[in-house]
Amino acid sequence: MSKNTVSARFRRVDVDEYDENKFVDEEDGAENQLGPDEAEVDSLIRQGNLMEALHAVLKNPPINTKNQNVKDRAEGLVLKVLSAFKSSDIEKGVQSLDKNGVDLLMKYIYKGFERPSENSSAVLLQWHEKALAAGGVGSIVRVLTARKTV
Amino acid sequence: MAYHSFLLEPISCHAWNKDRTQIALCPNNHDVHIYKKDGTKWTKIHELKEHNGQVTGIDWAPDSNRIVTCGADRNAYVWTLKEGSWKPTLVILRINRAARCVKWSPKENKFAVGSGSRLISICYFEQENDWWVCKHIKKPIRSTILSLDWHPNNVLLAAGSCDFKCRVFSAYIKEVEEKPGPTPWGSKMPFGEMLFESGGSGAVGQSSGGGGGWVHSVCFSHSGNRLAWTSHDSTVSVAEGGKTGTVTSLSSETLPLLCVTFITESSIVAAGHDCYPVLFVYDSAKGSLTFGGKLDVPKQAAQKGISARERFQNLDRRASETQSTEKDLNTLHKNSISQISVMEGGRNQCTKFCTTGMDGGMGIWDVKLSFALGKKITQLFKVMPSLNICG
């Protein structure tokens, strides 16, 4: 055997980094995207105004930011609002959203599926059913093809 | 309306001759088969064997009766009919990846080939050397070109690419044509100049500016002032050239659409993974693109009484009491539709269009356009099996 097979360090080199034709996404700036306003959303949940809370939490989605904390916080907040809804009100909640809102909701739902906690999957599945009825498979396709997501 | 099942394999691509009596198609292999219409039957009359890889694009020039094919073997051939058989001429494309799509220009003096080499080859015939040469459009394309369409002025070319963008380039070749006049897309058109680029960062909340998916298909309208494209994120968009160039998009609820064509200056038919063609209506005054309806065979009438025995059998087999469920394909095509072409009427008053797909079948659809004076397009009647548009 030749000498250079002794070390396996070359296997850790990521050749794609050195490819000069590598596709890099455009940067979109937006370092100041902070995600939905926690205080506002919390107060609306406490007041029991869940429709407003839903609209508030879907504002300012942290799509372009690279800060993972902001994204996690936003996801947690959305999950709080979605769990606070009664099952019978979910459909009304979805109906009150416009097309972009349904797409964004679908993005958060799939993000929530990625890291399931105690009860989250059951709640998310109920929301998924209603969001699918409103947005169709097209909204799921947009979640899968989005380059920058929540 | 007619449906003919050619093969069990997907039809990779197809092209019609001028009088629509012959169709050239690739049966998912290295060859091109030409079929001729014989009453209601189709008989194979030619087999064009030259490519070493799958044929990915075919285009048939109506007036000069030449066929250009491009394939995964990185080659393109121009075929001419000599003494009853088709003779190929190799075109050196100078690409190092597969060719993906090919289109003759309207005047048929050049053709464009899109490839995985992240460039477009514009090929024209050089008389002195008696062969085809090509020029490349490279910047700023960053991924495979999936679809091409020429503007009626023979110079501008729209290209849809896997880098999520739809662009309009100038393919002006001074050796074969005069300088073009100004168009709504721009007035200075040196070769390779990019005159339009759609958005494409896929940000949510943007109703204008493309989307975040591969651009599968592009199409200019008959006048060339409008450009439609479909993207893999289930959107269809229309751009209007001009100083106030606008882009209108519609996020559809269906699976992604793979092919699109204009049938009037304001209506678009597209088809894709949902296996049926869909109509979209563009209103430039309101800047809106709306879903116009699904074009397909009507659903079968509801079941007549089912016996108790059948009910239990259905429950046993499919956990549902009825014969057919939502999941059954009631569409003409049984698999994704990959290409759509206008057969009669041109892109401004199309009366017939043809779709081919992965099920190896070809559907021919009739469109009835009735233009009532002054009436806006408010309703679409689907008279089986044609489509009525009042507008």
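What follows draws every value from the coordinates through simple rules; no lab data is involved. The model shown is predicted, which means the values in this text are computed figures rather than measured ones. Note: ideal-geometry Cβ built from the backbone for every residue, glycine included; neighbour counts use all protein chains shown.
Shown for A:Glu91, B:Glu310: other C-beta atoms within 10 Å of each C-beta, ranked fewest to most, produce the order B:Glu310, A:Glu91. At an R0 of 22 angstrom, the distance between the Cβ atoms of B:Asn65 and B:Asp130 translates into a FRET efficiency of 0.70. Value of Rg to Rh for region B:75-213, rounded to two decimals, is 1.01; Kirkwood radius and Rg both from alpha-carbon coordinates.
Remark: the B:Met194-B:Lys44 segment gains 49.8 nm on full extension, using 0.36 nm per residue and subtracting the alpha carbon distance. As a proxy for reagent exposure, ranking B:Thr261, A:Thr149, B:Thr43 by other Cβ atoms within 10 Å from fewest up yields B:Thr43, A:Thr149, B:Thr261.
Full extension of the chain segment joining B:Ile92 with B:Arg20 gains 22.9 nm, where the gain is 0.36 nm per residue of separation less the Cα-Cα distance. Helical runs (DSSP H, four residues minimum) scored at -39500 (n - 2.57) apiece and divided by the length of chain A put the mean residue ellipticity at 222 nm at -18000 deg cm²/dmol. Partners of A:Lys80 within straight-line reach, counting lysines whose Cα lies under 17 Å from its Cα and excluding those fewer than 8 residues away in the same chain: A:Lys59, A:Lys71, A:Lys107, A:Lys111. Stretching the chain fully between B:Ser307 and B:Ala2 yields a gain of 106.3 nm (0.36 nm per residue, less the alpha carbon separation). Between the beta carbons of A:Asn69 and B:Thr290, assuming R0 = 35 Å, the FRET efficiency works out to 0.30 to the nearest 0.05.
For B:Gly292, the residues whose modelled amide H falls within less than 5 Å of its own, excluding neighbours fewer than 5 places apart on the same chain, are B:Leu279, B:Phe280, B:Val281. Calculate the FRET efficiency for B:Glu83 and A:Lys92 from the Cβ-Cβ distance with a Förster distance of 56 Å, rounded to the nearest 0.05. So the FRET efficiency works out to roughly 0.15.
Using a cutoff of 8 angstrom between alpha carbon atoms and counting only pairs six or more residues apart, the relative contact order for chain B works out to 11 percent.
With all pairs of different C-alpha atoms in the average, the Kirkwood value for the hydrodynamic radius of region A:33-145 is 14.0 Å. When Lys and Arg each count +1 and Asp and Glu each count -1, what net charge do the other residues less than 13 Å away from B:Pro256, Cβ to Cβ, add up to? Around B:Pro256, the charge tally is -2.
Each residue of region A:55-66 was assigned a 3J(HN,Hα) from its phi angle through the Karplus curve 6.51 cos²θ - 1.76 cosθ + 1.60 (θ = phi - 60°); the sequence is 5, 5, 6, 8, 8, 6, x, x, 7, 8, 7, 9 Hz, with glycine and proline shown as x.
With only the Cα atoms considered, region B:60-100 has a convex hull volume of 68 Å³ per residue. For region B:154-159, the Karplus equation 6.51 cos²θ - 1.76 cosθ + 1.60, evaluated at θ = phi - 60°, returns couplings of 6, 10, 7, 9, 9, 9 Hz by residue, with Gly and Pro reported as x.
With a threshold of 25 Å on the Cα-Cα distance, the over-threshold entries among B:Lys179/B:Lys243; B:Lys139/B:Lys188; A:Lys99/B:Lys138; B:Lys36/B:Lys135 are A:Lys99/B:Lys138; B:Lys36/B:Lys135.
Placing one equal scatterer on every Cα of the protein assembly as shown and applying the Debye formula, the log10 ratio I(q)/I(0) at q = 0.09, 0.12 Å⁻¹ is -0.77, -1.22. Here chain B is treated as a Stokes sphere of Kirkwood radius computed over C-alpha pairs; at 10 °C and 1.306 mPa s its diffusion coefficient rounds to 72 µm²/s. The fewest-to-most ranking of B:Ser115, B:Ser251, B:Ser64 by surrounding Cβ atoms within 10 Å reads B:Ser64, B:Ser251, B:Ser115. Karplus-based coupling profile of region B:342-358, in residue order and whole Hz: 7, 9, 10, x, x, 7, 9, 9, 5, 10, 8, 9, 10, 10, 10, x, 6, with θ = phi - 60° in 6.51 cos²θ - 1.76 cosθ + 1.60 and x standing for Gly or Pro.
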